[in-house]
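Note sheet for the following structure.
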Amino acid sequence: FLGKMDKEQIATQLACSDVYLFSSKYETFSVVCAQALCCGVPLIGPSIPAILEYTDTTNILPLAENNADEWELNLLIFIQDIKNYDREMISKKALDYLSHEKIKIEYKEFLNESM
């Protein structure tokens, strides 16, 4: 527990991590999961549709169920497969998908379609 951190401190801490674990039962987007991916950090956590929208098998190990046995299994799988996660590719893919420019373009397109 590191207390309040600014964006750069958060990115530094995430970049030093092997994996980001999230245990939410519900998310509408999950900024922290997006931040982890942008730092090249793969995810382990429940199969939440909002997070699965911007992840795939190259950057997340989703739990089939959010229980202790499934967590243990996925952590062991991750430890065995850690070298298969390309952190540079994870970061690039996330930055491409979640960039300010891409979001701005998509938002403008959405507004134009709505009118």
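Observations on the structure shown:
- Note on Lys102 and Asp56: the model spin-label points, each 7 Å out from Cα along the C-beta direction, lie 1.1 nm apart.
- Value at 222 nm in deg cm²/dmol, rounded to 500, when DSSP H runs of n ≥ 4 in the chain each add -39,500 (n - 2.57): -16000 deg cm²/dmol
- Computed over segment 1-56, the convex hull of the alpha-carbon atoms projects to a mean area of 4.0 nm².
- Apportionment of accessible area to carbon and sulfur, the chain, percent (1.4 Å): 58
- For the chain, the longest principal axis of the alpha carbon atoms and the long axis of helix 87-98 meet at an angle near 30°.
- Seen against the Cα atoms of the chain and their longest principal axis, helix 68-81 is set at about 80 degrees.
- Loop-located chymotrypsin sites (Phe, Trp or Tyr not before Pro) across segment 1-82 with a Cβ neighbour count of 15 or fewer within 10 Å are Phe1, Tyr26, Phe29, with loop assigned by DSSP.
- Spin-label proximity, Asp81 to segment 49-66 - amide N less than 12 Å from point 7 Å beyond Cα toward beta carbon: 56-64
- The Cα-based radius of gyration and maximum Cα-Cα distance (Dmax) for the chain are 15.4, 51 Å.
- Segment 40-97: mean projected area of Cα convex hull, nm²: 3.8
- Mean accessible surface per residue for the chain, computed with a 1.4 Å probe while every protein chain stays in place, in Å²: 71
The values are calculated or read from the model by the stated rules, or taken from the named source; none is laboratory data. All values reported here derive from a predicted model rather than from experimental measurement. So basically every Cβ, Gly included, is an ideal-geometry build from the backbone, and we count neighbours across all protein chains shown. With ligands, DNA and RNA removed, areas are computed over all heavy atoms of the protein, side chains included. Shrake-Rupley method; radii C 1.70, N 1.55, O 1.52, S 1.80 Å.
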